[in-house]
Amino acid sequence: MNIEKNRVGVIAYTLQLNNAAGELIEEATVNQPKTMVFGTGRVMQSFENRMLGLKSGDSFEFTLTPAESFGEFMTDLLMEVPKTVFMVNGQLQPDNLEVGKMVPMMDEDGNPFDGKILAINDKTVSMDFNHPYAGKGIYVKGEVLNVREATYDELNPVASGCGCGSHDDGCCGGGNHHHYHDGHEGCGCGGHEAEHQHHGCGCGC
């Protein structure tokens, strides 16, 4: 049986940044493989395209470009956020203000995203809303352990907080998320506009 739409692939793989010598960012072993439902939007499309047609016992090896994975690094996503965004009940929360810290935030539609603090200024906080791996490719290597038809529950999962339908999804197992920041104070964008491409690692999406 081959991997195709509405089928489940049980897969062991490693993901490394850029090439085979790059940093290991995710691994699913033969003893603890990843189960992926294909054709439902919960697998990164570029990853899924390369997996379609493979069958149990097949090995695979390929590289995804930055555009196919975590997106290109975008200077538009380097923003000055008012310190008021970090206030709770009118009080600044100093525990949230630390250079290098990833801060969970939410846009006006309730979609979660993370921003990295680059600098703390008098009235603003300099933040980077790019994915931590933006501008880097992914080297993928692995093996298909099993392929089967998806169950009804797998095709119709209960939505999770990430919107992926499963907390078990990894970098390639979670599809693409686009969060649009339009200057609302709640999303912490200080009047700038940008599209934040988020491909899951961390949220599991």
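Below are the figures for this structure:
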item: Entirely in the range 1-55, the strands (runs of 3 or more DSSP E) that have 1 or more residues that are without any contact (Cβ under 8 Å) to a residue 60 or more places away in the chain; result: 24-28
item: Single match in 192, 131, 184, 167 (criterion: within 15 Å of the chain's Cα centre (by Cα) and modelled with pLDDT under 65); result: 167
item: Odd one out for residue 100 among (1) farther than 18 Å from residue 148 by Cα; (2) in the same structural domain as residue 149 (by TED's automatic domain parsing); (3) part of a loop (DSSP other than H, G, I, E, B); (4) out of contact with any Phe, Trp or Tyr (no Cβ under 9 Å at 6 or more places or on another chain); result: (2)
item: Criterion violated by residue 76 - all others in (1) more than 16 Å from residue 3 (Cβ to Cβ); (2) out of contact with any helix residue (DSSP H, G or I) (no Cβ under 7 Å at 6 or more places or on another chain); (3) not in a helix (DSSP H, G or I) satisfied; result: (3)
item: Verdict on residue 106 being closer than 21 Å to residue 93 by Cβ, in the same structural domain as residue 92 (by TED's automatic domain parsing) and buried (at least 17 other Cβ atoms within 10 Å of the Cβ); result: no
item: Single unsatisfied condition, residue 122 versus (1) without any contact (Cβ under 8 Å) to a residue 12 or more places away in the chain; (2) in a helix (DSSP H, G or I); result: (2)
item: Residue that is farthest from residue 149 (Cα to Cα) [pool: residues in the range 16-49 that are surrounded by 12 or more Cβ atoms within 10 Å (Cβ to Cβ) and of a type in the set (D, E, K, R)]; result: 26
item: Extreme residue, surrounded by the most Cβ atoms within 10 Å (Cβ to Cβ), among residues of the range 141-164 that are in contact with a Ser or Thr (Cβ under 7 Å, 6 or more places away or on another chain) and modelled with pLDDT of 95 or more; result: 142
item: Odd one out for residue 85 among (1) part of a helix (DSSP H, G or I); (2) modelled with pLDDT of 95 or more; (3) surrounded by 15 or more Cβ atoms within 10 Å (Cβ to Cβ); result: (2)
item: Answer residue from the range 53-73, given it is in contact with a helix residue (DSSP H, G or I) (Cβ under 9 Å, 6 or more places away or on another chain) and polar (S, T, N, Q) and is nearest to residue 1 (Cα to Cα) among those; result: 69
item: Where residue 78 falls short, out of the listed (1) closer than 30 Å to residue 126 by Cα; (2) of a type in the set (A, V, I, L, M, F, W, C); (3) within 16 Å of the chain's Cα centre (by Cα); result: (3)
item: Only listed residue being outside the structural domain of residue 146 (by TED's automatic domain parsing) and more than 14 Å from residue 137 (Cβ to Cβ), chosen from 36, 1, 51; result: 1
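The values are calculated or read from the model by the stated rules, or taken from the named source; none is laboratory data. Predicted model, so just to flag it, every value in this text is computed and none were measured. Cβ sites come from the backbone with ideal geometry, for glycine too, and all protein chains shown count toward neighbours.
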